[in-house]
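The values are calculated or read from the model by the stated rules, or taken from the named source; none is laboratory data. Everything numeric in this text was worked out from a predicted model, so none of it was measured. Every residue, glycine as well, gets a Cβ built from its backbone with ideal geometry; the counts of neighbours run over all protein chains shown.
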Amino acid sequence: MEYEGDLIAVYNDQNLPLECEIISKFRNEETKKDYLVFTDGSTDENGDKNKFVVSYRADVPEEDKLRPVETEEEWESIRPFLEELNRALEEQKNGGSANKAE
C-alpha cells in the first residue's frame, strides 16, 4: 500500500494499482488493530460509494500489508464505528441533516 495524502494505491488481482480514496482511519482497542475505510469510487444501486474495510499494522510502518476483516467477531467489534461513520457520511451528503424529508 502506498499513501499520498488521502489516497492509497491498492493492488488488484492482476497486480495493477488502483487509486482509492481513504475515507477514515481508526484503531479498535478491542481487536488491537488499526483499520482503513476506503473507496475505489464505484457506487452501489443507491448511488452511495462502495466502502471497503481492511486492517493494517500502523505500529510497523515497513509492513505495508492490508488484511481483510476475517471473522464475524471482528466485524461485530468494528460495526459500531462503521455505523457511526455511515451516519456522519449520510449527514454530510444531505447537507447537515441525516434525516431526509418525507
Checking Ser77 against (1) within 20 Å of Leu7 (Cβ to Cβ); (2) assigned to a helix (DSSP H, G or I); (3) polar (S, T, N, Q), the condition it does not meet: (1)
- prompt: Of the residues that sit in the range 4-52 and are in a strand (DSSP E or B), touching a residue at least 12 places away in the same chain (Cβ under 8 Å) and among the hydroxyl-bearing types (Ser, Thr, Tyr), which one is nearest to Leu85 (Cα to Cα)?
  reply: Ser24
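Residue by residue through the range 44-58, note down the ones that are modelled with pLDDT of 90 or more, under 22 Å from Trp75 (Cα atoms) and loosely packed, with under 14 Cβ neighbours inside 10 Å.
Answer for the range 44-58, where residues must be modelled with pLDDT of 90 or more, under 22 Å from Trp75 (Cα atoms) and loosely packed, with under 14 Cβ neighbours inside 10 Å: Asp44, Asn50.
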task: From Lys32, Lys49, grab the single residue that is of a type in the set (Lys, Arg) and at negative phi.
output: Lys49
task: Keeping to the range 65-92, report how many residues are surrounded by 12 or more Cβ atoms within 10 Å (Cβ to Cβ) and in contact (Cβ under 8 Å) with a residue 40 or more places away in the chain.
output: 8
